[in-house]
Amino acid sequence: MKTEKDKMLSGDNYFGNDKELSAERAKAKKLLHQLNVTEYLMNGTSRAILKELLPNAHKRLYIEPPFHCDYGYNIITGENVYFNVNCVVLDSTQVNIGSNVLIGPGVHIYTSTHPVDAIERREMQFSKPVSIGEDCWIGGNSVICPGVTIGKGCTIGAGSVVTKDIPDNSLAAGNPARVIRNLNP
C-alpha cells in the first residue's frame with residue numbers, strides 16, 4: 001500500500017497532514033530558521049545547512065535569505081543556480097532547475113495544487129513537477145505554476161504568472177505569461 005509520501009511524489013491525491021510529511025516539513029522549517037534567522041549570510045555554516053536541506057542541489061548553489069520551501073529534497077539543481085531574496089519553492093514533488101539559472105527576488109515556484117471540487121479539497125491535494133531549463137532568468141515576483149516546463153535559454157519577465165510550458169529560447173511575460181519573441185541562442 002502506498003504511503004501518503006509515495007502518493008505525493010507520484011502526483012496522486014494525498015493527505016498533506018500525514019505524520020511523516022508533517023515531520024519532514026517541520027525538519028525543513030528548522031533548517032530554514034537556521035538559514036534565514038541565525039546565519040542569514042552565505043558562509044560555511046549556511047552551506048552546511050543547504051547541503052542538509054537541499055541534498056539534491058549542486059554544491060554551487062547560492063541563496064540569498066530569506067528562502068522558503070516545503071521539504072527541500074525535491075529541489076534538484078545544476079551548478080551556478082542563484083536564488084535572490086524572498087523566494088518560495090513549494091516542492092511537494094520535483095522541481096528541476098538546470099545550470100546557470102538566475103531566479104529573481106520574490107519568485108514563487110509551486111508544485112502543489114488542489115482539486116477544484118470543494119469536498120475533495122477538504123482532505124486532499126496533489127502535485128505536478130516543475131522544470132526550468134539551463135541558462136534561464138526568472139524575473140522578480142514571477143510565479144511558476146504546477147506542471148510547467150520552462151525551456152532552456154528563456155527569460156521570464158518580472159511579475160509574470162507562468163501557467164503553461166514555455167519553449168526553449170523564449171522571452172515570455174505577462175499574466176498569464178505568453179511568449180513575446182524568440183531569443184536566438
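Values quoted throughout were computed directly from the atomic coordinates according to the rules given, and no laboratory measurement underlies them. As the structure is a prediction and not an experimental result, all values here were calculated from the model. Counting neighbours? That spans all protein chains shown, and the Cβs are built from the backbone with ideal geometry, glycine included.
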Contour minus end-to-end for residue 80 and residue 168, with contour as 0.36 nm per residue of separation and end-to-end as the Cα-Cα distance? 29.8 nm
Cut-off is 10 Å between beta-carbons; in what order do 81, 37 appear when sorted fewest neighbours first? 37, 81
Here is the link list: 2/152; 29/152; 2/59; 5/152; 19/128. Which ones come out longer than 28 Å on Cα distance? 2/152; 29/152; 2/59; 5/152
Distance-filtered residues of the range 9-37 - backbone nitrogen under 18 Å, label point 7 angstrom along residue 113 Cα→Cβ: 9-16
Can you give the charge dipole size of the range 104-157 about its Cα centre, rounded to the nearest 20 debye, using +1 on the beta carbon of Lys and Arg and -1 on the beta carbon of Asp and Glu? 40
Quote the charge dipole size of the range 4-179 about the Cα centre in Debye, to the nearest 20; the model charges only the Cβ of Lys and Arg (+1) and of Asp and Glu (-1). 260
Provide the FRET efficiency to the nearest 0.05 for the residue 59-residue 120 pair, computing r from the beta carbons and using R0 = 25 Å. 0.05
List the GluC sites (Glu not before Pro) in the range 83-185 that DSSP assigns to loop (not H, G, I, E or B) and whose Cβ has at most 15 other Cβ atoms within 10 Å. Which are they? 123
Starting with the fewest neighbours, write out 51, 59, 7 ranked by other beta-carbon atoms found within 10 Å of each beta-carbon. 59, 51, 7
Charge tally for neighbours of residue 102 with beta carbon under 14 Å away, counting Lys, Arg as +1 and Asp, Glu as -1, is -2
With each pseudo-label sitting 7 Å past Cα toward Cβ, what's the residue 137-residue 19 distance in nm, one decimal? 5.0
Which chymotrypsin sites (Phe, Trp or Tyr not before Pro) in the range 38-92 sit in a loop by DSSP (not H, G, I, E or B) and have at most 14 other Cβ atoms within 10 Å of their own Cβ? 40
For the chain, build the charge dipole from Cβ charges (+1 Lys, Arg; -1 Asp, Glu) around the Cα centre, then report which of 136, 159, 33 sits farthest towards its positive end. 33
Counting DSSP beta bridges with both partners in the range 4-179, what percentage is antiparallel, nearest 5? 15
Charges on Cβ only, +1 for Lys and Arg, -1 for Asp and Glu, centred on the Cα centroid of the range 4-179; of 48, 80, 96, which one is farthest towards the dipole's positive end? 48
Ranked by Cβ crowding within 10 angstrom, fewest neighbours first, how are 22, 127 ordered? 22, 127
Counting Lys and Arg as +1 and Asp and Glu as -1, what is the net charge of the other residues whose Cβ lies under 14 Å from the Cβ of residue 173? +3
